[in-house]
1. Restrict the check to the range 31-38 and report whether at least one residue is free of Cβ contacts under 8 Å to residues at least 60 places away in the same chain and more than 22 Å from residue 88 (Cβ to Cβ).
2. Which one is nearest to residue 39 (Cα to Cα) among residues in the range 1-26 that are touching a helix residue (DSSP H, G or I) at 6+ places or on another chain (Cβ under 6 Å) and not in a helix (DSSP H, G or I)?
3. What are the residues in the range 38-64 that are more than 17 Å from residue 82 (Cβ to Cβ) and assigned to a helix (DSSP H, G or I), if any?
4. When residue 78 is evaluated against the numbered criteria (1) out of contact with any helix residue (DSSP H, G or I) (no Cβ under 7 Å at 6 or more places or on another chain); (2) under 24 Å from residue 3 (Cβ atoms), which criterion, by number, is the only one it fails?
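Every read-out reported here was derived from the displayed coordinates using simple, explicitly stated rules and does not represent laboratory data. Owing to the predicted nature of the structure, the values given are computational and were not obtained by experimental measurement. Every residue, glycine among them, receives a Cβ derived from its backbone with ideal geometry; neighbour counts consider all protein chains shown.
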């Protein structure tokens, strides 16, 4: 950090750099993401400046040197994409996605604990005690609302293709495989 930052910031004290890094790491451990947001904001602004300058130089070379213009514009759009991704990272830090898990499988030390069917309440975490839950009807087999499958009367055998009919007692093989 001291060697790469020297052209921009001048000579940096290695001790001061270490102190700042330690303080920032402690803040991150406590959940304070403000240093990360500041860093990403500066990065997004710098990338936006790079995009603007590369786009301007690309436009200047558009008619005299189209190959150079294409190279500059490709780099400009890459910088723009990185700026967008950086701003998206800031939005994720500020507003983390919420995940509603209906099942949690936890395995610590060889014992499997499965938490199924905990109701999702709109007022904070679900209760820490076990609850009795009713199982849902099996929709795969067509059982819904207490009604089972109704197959109706069994259809009679059709007479469409008489050459392909069931094997009767007369045509059965003598040796049966099990």
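1. no
2. So, considering only residues that are touching a helix residue (DSSP H, G or I) at 6+ places or on another chain (Cβ under 6 Å) and not in a helix (DSSP H, G or I), the one nearest to residue 39 (Cα to Cα) is 1.
3. Those that are more than 17 Å from residue 82 (Cβ to Cβ) and assigned to a helix (DSSP H, G or I): 38, 56, 57, 59, 60.
4. (2)
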